[in-house]
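To start, the structure under review is shown below, and the notes come after it.
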Amino acid sequence: MARKTVLKLSGVDRYYGQGDTVLSILKGADFELRAGEIVALVAPSGTGKSTLLHLAGLLEHPDAGEIFINGESCGNLPDERRTAIRRGDIGFVYQFHHLLPEFSALENIMMPQLIGGLSKKEAQERAAQLLDYMRIGHRGTHRPSELSGGEQQRVAIARAVANAPLLLLADEPTGNLDPETASYVFDALEALVRQSGLAALIATHNHDLASRMDRRVTIEGGRIVEF
Ligand code: ADP
Ligand code: MG
């Protein structure tokens, strides 16, 4: 059965002007990501992985082409609607956890749900469930500074999916971890993706992890190509 296309880039250009020179990052980039798929984005530093993730996450606008989230063309939407899609349908994970330091792991995961309108009780239940799922149920009351790097990233992943998004975008989520911890964190992420059916695009330099994903793409001459 063909699964639903969650993210689609069609003929996307992105360039940065720098004085007289223009730095072209994406040129005619096409890409499709379907529900339930985990795709690795592997490319050298400076080639545009973060740019691509920011475009897909509606944090930046393409200079040409179209970005569709769940079939909806997002280019000309009002900012309000783009923000609503970003909050409701898209989860982000970065290389550094960006958790709020003065809140517990549980509270960090509750935050997006409370912003999304869930009751405190509902948010708390789901946050606890997600922590269990990430195998850190016993760490809920700890603040980020009291957690290991791998635990912090697992909380960040749980937070990213707290609102049950359709799309998970991760920018080198294990880039700051040792290989063993990276593998363990990826296990948890993979289980979560498989169980929830969300679509994930994960930038990584880790070829072991990339080989465990469903497909691998890179950026070449401004295009997104499978390898
Ligand atoms: P990656 O994540 O693969 O390391 P990036 O997407 O961060 O690559 O950056 C791609 C290229 O675009 C780099 O050469 C970077 O310097 C440049 N770049 C990124 N953002 C900007 C910006 N806001 N203004 C100018 N150049 C930028
Ligand atoms: Mg980057």
Notebook entry, point to check: Do we have any residue at all in the stretch 18-37 that's away from ligand 2 (no atom under 16 Å from the Cβ), over 17 Å from the mean Cα position of the chain (by Cα), of a type in the set (D, E, K, R) and surrounded by fewer than 13 Cβ atoms within 10 Å (Cβ to Cβ)?
Noted result: yes
Notebook entry, point to check: Among the strands (runs of 3 or more DSSP E) confined wholly to the stretch 1-110, which include 1 or more residues that are of a type in the set (S, T, N, Q)?
Noted result: 5-18, 21-34
Check: With Leu131, Leu100, Leu114 as the choices, which residue is open to solvent by less than 40 Å² (accessible area, probe 1.4 Å) and either more than 23 Å from Gln195 (Cβ to Cβ) or out of contact with any Pro (no Cβ under 6 Å at 6 or more places or on another chain) (or both)?
Finding: Leu131
Notebook entry, point to check: Are any residues in the stretch 205-227 of a type in the set (S, T, N, Q) and within 27 Å of Ala2 (Cβ to Cβ), and if so, which ones?
Noted result: Ser211, Thr218
Margin query: Kindly evaluate Leu209 against the criterion of being within 16 Å of ligand 1 (Cβ to nearest atom), of a type in the set (A, V, I, L, M) and at pLDDT 95 or above.
Written below: no
Check: Residues in the stretch 199-206: is at least one open to solvent by 50 Å² or more (accessible area, probe 1.4 Å) and of a type in the set (Ser, Thr, Tyr)?
Finding: no
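Take the residues in the stretch 60-81 that are within 24 Å of Gly221 (Cβ to Cβ) and touching a residue at least 24 places away in the same chain (Cβ under 8 Å); name whichever of them is nearest to ligand 1 (Cβ to nearest atom).
Glu60
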Note to self: open to solvent by less than 20 Å² (accessible area, probe 1.4 Å) and part of a helix (DSSP H, G or I): which single residue out of Ala191, Ala182 fits that description?
What the structure shows: Ala182
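The values are calculated or read from the model by the stated rules, or taken from the named source; none is laboratory data. All values reported here derive from a predicted model rather than from experimental measurement. Every residue, glycine among them, receives a Cβ derived from its backbone with ideal geometry; neighbour counts consider all protein chains shown. Surface accessibility is based on the protein's heavy atoms, side chains included, excluding ligands, DNA and RNA. Shrake-Rupley method; radii C 1.70, N 1.55, O 1.52, S 1.80 Å.
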